[in-house]
1. Among the helices (runs of 4 or more DSSP H) confined wholly to segment 101-195, which include 3 or more residues that are at pLDDT 90 or above?
2. Quick check: is even one residue across segment 82-89 within 22 Å of residue 160 (Cβ to Cβ), within 19 Å of the chain's Cα centre (by Cα) and at pLDDT below 75?
3. Among the residues of segment 24-56, which ones are surrounded by 18 or more Cβ atoms within 10 Å (Cβ to Cβ) and not in a helix (DSSP H, G or I)?
4. Out of segment 145-195, which residues are over 18 Å from residue 98 (Cβ atoms), surrounded by 14 or more Cβ atoms within 10 Å (Cβ to Cβ) and in contact (Cβ under 8 Å) with a residue 40 or more places away in the chain?
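The values are calculated or read from the model by the stated rules, or taken from the named source; none is laboratory data. Treat the numbers as computed from the prediction; the structure is a model and nothing was measured. Positions of Cβ are generated from backbone atoms using ideal geometry, with glycine treated the same way; all protein chains shown enter the neighbour counts.
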């Protein structure tokens, strides 16, 4: 699929969605490298020729499925009641807290194979899409309220985001055996300092 393809504007949106959902279901059953185009098409209920109308190969579909999955998560996350970052009291401006972490960890746990594939094939994905959105819409406005100098904001955001990501990656590699509550509390313990 070309990078200019926008499935939301395409008459092929329904087929693309079927393919994304089929890949997610197959990832629950087996490793990505063992999924064939034939079984994917069978699971999606589409012809093999239809697959090639949309995609050059499995990696194109995988890339689209990650974007599709991220969109679903971002839509869910937008429904959460977040404080007004510009006007809320400072004690309400904690972005590493259960309200943000629990939905994120649920999403990762439900899509752990996709998460691991994205981490193992960084050349295929712009995995910074969600990170950039989080920085722009949550982290930077909070850091502004705490008077963090502009030239330090990116470094501060990277420090927090990469730390959380590293803990989550270890958790996923361990097949998410620890509870979401345990991982949430662990991350908070690591990043929240006591006055």
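1. Fully inside segment 101-195 and qualifying: 150-173, 180-191.
2. Yes, the conditions are met somewhere in segment 82-89.
3. Those that are surrounded by 18 or more Cβ atoms within 10 Å (Cβ to Cβ) and not in a helix (DSSP H, G or I): 35, 46, 55.
4. 145, 169, 172
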